[in-house]
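Input: one structure, supplied below.
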Amino acid sequence: MKREHLVPGPDHPITVEPTPGHVTVRVGDTIVAETDSAKTLREASYDAVQYIPLGAVDPAVLRTSESTSYCPYKGEASYFDLAVGDDTATDAVWTYTDPFPAVDDIKGHLAFYPDRVDIRVE
């Protein structure tokens, strides 16, 4: 079965822009990502999402998950568990390895669920 592929437009706008400022992602007192090169994705009425370059994320905290999801505007997402100390947050991080052309700027970037980490833009 072919999945639906939709293009952002006036009824469902999506923008990807450089994040002005420094982005830090923490789990408790542990910094798991830090960058001046994040991208802010704004999609329709959803909250803005920070996409962090893969190289700015501590690889020691990422555990590959078998989970996937599909967005008709962005494509297939794959997930990572976030392991810090003795705690593991299941499917707390996602990425679009091969995003659709309209959001190609998020390729090579990871996003974190804000209810599982502390994300600060300064």
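For the stretch 31-74, give me each residue that is assigned to a strand (DSSP E or B), touching a helix residue (DSSP H, G or I) at 6+ places or on another chain (Cβ under 8 Å) and among the hydroxyl-bearing types (Ser, Thr, Tyr).
Just the residues of the stretch 31-74 that are assigned to a strand (DSSP E or B), to begin with: 31-35, 39-43, 49-53, 57, 62-71.
Subset that is touching a helix residue (DSSP H, G or I) at 6+ places or on another chain (Cβ under 8 Å): 32-35, 39, 41, 51.
Within the stretch 31-74, Thr35, Tyr51 meet the criteria.
Filter the stretch 36-62 for residues that are over 22 Å from Thr24 (Cα atoms) and open to solvent by less than 80 Å² (accessible area, probe 1.4 Å) and give the result.
Going residue by residue through the stretch 36-62, those that are over 22 Å from Thr24 (Cα atoms) are 44-45.
Ala44 - this is the single residue of the stretch 36-62 that is over 22 Å from Thr24 (Cα atoms) and open to solvent by less than 80 Å² (accessible area, probe 1.4 Å).
Also: Select from the stretch 21-30 the residues that are assigned to a strand (DSSP E or B), farther than 11 Å from Arg120 by Cα and not hydroxyl-bearing (Ser, Thr, Tyr) and list them in ascending order.
Step one: of the stretch 21-30, the residues assigned to a strand (DSSP E or B) are 23-27, 30.
Pick out the ones that are also farther than 11 Å from Arg120 by Cα and you get 27, 30.
Within the stretch 21-30, just Val27 meets the criteria.
Residues of the stretch 76-122 being in a strand (DSSP E or B) and β-branched (Val, Ile, Thr), which ones?
Of the residues in the stretch 76-122, the ones in a strand (DSSP E or B) are 76-84, 87-95, 109-112, 118-121.
Those that are in a strand (DSSP E or B) and β-branched (Val, Ile, Thr): Val84, Thr88, Thr90, Val93, Thr95, Ile119, Val121.
Identify all residues within the stretch 63-73 that are open to solvent by 30 Å² or more (accessible area, probe 1.4 Å) and either under 12 Å from the mean Cα position of the chain (by Cα) or free of Cβ contacts under 8 Å to residues at least 60 places away in the same chain (or both); write none if there are none. Lay out the reasoning, then the answer.
Of the stretch 63-73, the ones open to solvent by 30 Å² or more (accessible area, probe 1.4 Å) are 63-64, 66-70, 72-73.
Matches in the stretch 63-73: Arg63, Thr64, Glu66, Ser67, Thr68, Ser69.
Condition first: of a type in the set (Val, Ile, Thr) and touching a residue at least 60 places away in the same chain (Cβ under 8 Å). Now tell me which residues in the stretch 46-62 satisfy that.
So in the stretch 46-62, the residues of a type in the set (Val, Ile, Thr) come out as 49, 52, 57, 61.
Within the stretch 46-62, Val49, Ile52 qualify.
With (1) open to solvent by 60 Å² or more (accessible area, probe 1.4 Å); (2) touching a Gly at 6+ places or on another chain (Cβ under 6 Å) as the list, and Gly85 as the residue in question, which single condition is left unmet?
For Gly85, the exception is condition (2).
The values are calculated or read from the model by the stated rules, or taken from the named source; none is laboratory data. No experiment lies behind these values; they were computed from the predicted model shown. With ideal geometry, Cβ positions are generated from the backbone for all residues, glycine too; neighbour counts draw on all protein chains shown. Note: areas computed on protein heavy atoms with side chains; ligands, DNA, RNA excluded. Shrake-Rupley method; radii C 1.70, N 1.55, O 1.52, S 1.80 Å.
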